[in-house]
Amino acid sequence: MLKKIEAIIREDKLGDVKDALSDIGIRGMNVFEIRGQGRQGGITLAGRSGTYQVDMLPKMQINIILSEQNVDQTIEAILQAGQTGDAGDGLIFVYPVDEAVRIRTGERGNEAVVYPGDIDERKKGAA
Ligand SMILES: Nc1ncnc2c1ncn2[C@@H]1O[C@H](COP(=O)(O)OP(=O)(O)OP(=O)(O)O)[C@@H](O)[C@H]1O
Ligand SMILES: [Mg+2]
């Protein structure tokens, strides 16, 4: 089964999270610059003419399509690298994925998202 991890993280944590993912062999991913709000509905900032409200804060969204068996390890890596402990660290959502197709080869499903030396190949090597 394929899953999608959608991780919404702090902008300045992107480098650390990418490194942590690379360390466990997660290769394929895409990244969006997004804006949004969570529980606090934005933040209040102090300006020259008093305070003002910023309701949609910038975050980075990382999307990863991967096998179900790699989801827990990937979430753990994102938590380790992305956590500051303060409000605004972000959220991780997990979705089912119906299909993946590599256009060049027509490979489908898990085959479409396996890369040389990645987390799946490492697990195969260890088995
Ligand atoms: N229910 C939601 N659906 C989609 N995106 C969301 C949702 N809640 C938050 N987000 C996105 O996640 C980002 C990070 O939210 P944030 O870290 O502030 O979460 P939180 O639930 O308020 O937790 P915390 O209390 O740690 O701040 C938001 O800026 C927004 O982009
Ligand atoms: Mg919040």
- Task: Under a 10 Å cutoff between Cα atoms, tell me which one of TYR95, TYR52, TYR115 has the largest fluctuation in the Gaussian network model of the chain.
- Result: TYR52
- So what's the angle, to the nearest 10 degrees on a 0 to 90 scale, between helix 14-24 and the longest Cα principal axis of the chain? 20 degrees
- Query: Share of the stretch 2-126's accessible area from carbon and sulfur, percent, 1.4 Å?
  - Reply: 49 percent
- Most mobile of ARG35, ARG104, ARG48 per a Gaussian network model of the chain (Cα springs, under 10 Å)? ARG48
- Item | For the stretch 90-98, 3J(HN,Hα) per residue [Karplus equation, 6.51 cos²θ - 1.76 cosθ + 1.60, θ = phi - 60°, Hz, x = Gly/Pro] | x, 9, 10, 10, 10, 10, x, 10, 6
- Amide H neighbours of LYS59 under 5 Å, counting only residues 5+ apart in sequence or on other chains, H built in-plane at 1.01 Å? ILE34, ARG35, GLY36
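Suppose accessible area is computed on protein heavy atoms with a 1.4 Å probe; arrange SER67, SER49 from highest to lowest.
On the way: SER67 10, SER49 120 Å².
Ranked from most to least accessible, the order is SER49, SER67.
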- Would you mind getting the accessible area per residue of the chain, heavy atoms of the protein chains only, 1.4 Å probe, in Å²? 64 Å²
- Note on the structure: Per GNM of the chain with C-alpha springs under 10 angstrom, the most fluctuating residue out of GLU76, GLU68, GLU107 is GLU107
- Which of the aspartates and glutamates could a cross-linker bridge to LYS4, judged by Cα under 13 Å and excluding same-chain residues fewer than eight apart? GLU68, ASP72, ASP98, GLU99
- In this structure, among LYS13/LYS123; LYS59/LYS123; LYS18/LYS124; LYS18/LYS59, pairs with alpha-carbon gaps over 21 Å are LYS13/LYS123; LYS59/LYS123; LYS18/LYS124
- Label points 7 Å out from Cα along the Cβ direction at GLU33 and THR84: separation in nm? 1.8 nm
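The values are calculated or read from the model by the stated rules, or taken from the named source; none is laboratory data. Everything quoted here is computed from the prediction, not taken from an experiment. All Cβ positions, glycine included, derive from the backbone under ideal geometry; neighbour counts span all protein chains shown. What goes into the accessible areas is simple: the full protein's heavy atoms, side chains included, and nothing from ligands, DNA or RNA. Shrake-Rupley method; radii C 1.70, N 1.55, O 1.52, S 1.80 Å.
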